[in-house]
Amino acid sequence: MDRLAHDSKQRILAAAEEIFAANGLHGARVDEIAEKAQINKRMIYHYFHSKNDLYAEVLKINFERMWDVTSQATKDRNNPQVQLVEAIKSYFYFLKENPNFPRLMTWEALEGGIYAKKVLPPIWDAAFPQLRAIIDEGKSKGVFRDDLDSRQILTSIHVLCISSFTQKDILAILWKDNPTRPENLEKRLEHILSLTLRSILAN
């Protein structure tokens, strides 16, 4: 692919991510994506064939980006507790720094995960064994409780983290404060880490 085509595709993907995050698949318009990307609408269909295919590609890129960031925290094999803490931190900060991701996940959940079913499994199939290995190692070393279910633990961590961003407007009402202020996010992260570790540590 030549440089011009690559730049055009990247502009389309960036514009599409913003508009899909704001409006969901069905509320997004190809004309609006083309206008935001400053590109001819026909080029969107040339590169991505349909709005649905473009949406699936945006989801795939976001899942890959999330896992690329999180997986960097799992490199150190010497201390499973440190690994897990760093993985949680990296995921939480990814959500903080990529606000479109929680919005896309909310829209996709409302649609029944139709497109996530198409693009997520290969990424999860690569990610889950690495994350499970951290928990299994912690169990074998006596750091984590030996009755832990890796799938349940990872699901709970995901829900605790992402709800801090998908539910921020509701939390603002309950807290009478902005939950996304830096100091509030740090307190939220500290709570998630404390809650997680207290539920999984052997001692």
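When residues in segment 58-100 are screened for being open to solvent by less than 60 Å² (accessible area, probe 1.4 Å) and more than 21 Å from Ile153 (Cα to Cα), 6 of them pass. Residue pairs whose Cβ atoms lie under 9 Å apart, separated by 6 or more positions or on different chains, with the first residue in segment 1-23 and without any contact (Cβ under 8 Å) to a residue 12 or more places away in the chain and the second in a helix (DSSP H, G or I) and of a type in the set (Lys, Arg), are Met1/Lys9. For segment 125-153, the set of residues classified as over 21 Å from Asn78 (Cβ atoms) and either charged (D, E, K, R) or at pLDDT 90 or above (or both) consists of Asp125, Asp147, Asp149, Arg151, Gln152, listed by residue number.
Out of contact with any Pro (no Cβ under 6 Å at 6 or more places or on another chain), in contact (Cβ under 8 Å) with a residue 12 or more places away in the chain, assigned to a helix (DSSP H, G or I) and under 15 Å from Ile192 (Cα atoms): is that true of Gln72 in this structure? So Gln72 fails the test.
The values are calculated or read from the model by the stated rules, or taken from the named source; none is laboratory data. The shown structure was predicted, so the numbers you read here are calculated from the model rather than taken from an experiment. Here Cβ is always computed from backbone atoms with ideal geometry, including for glycine, and neighbour counts include all displayed protein chains. Keep in mind that these areas ignore ligands, DNA and RNA; they rest on the heavy atoms of the full protein, side chains included. Shrake-Rupley method; radii C 1.70, N 1.55, O 1.52, S 1.80 Å.
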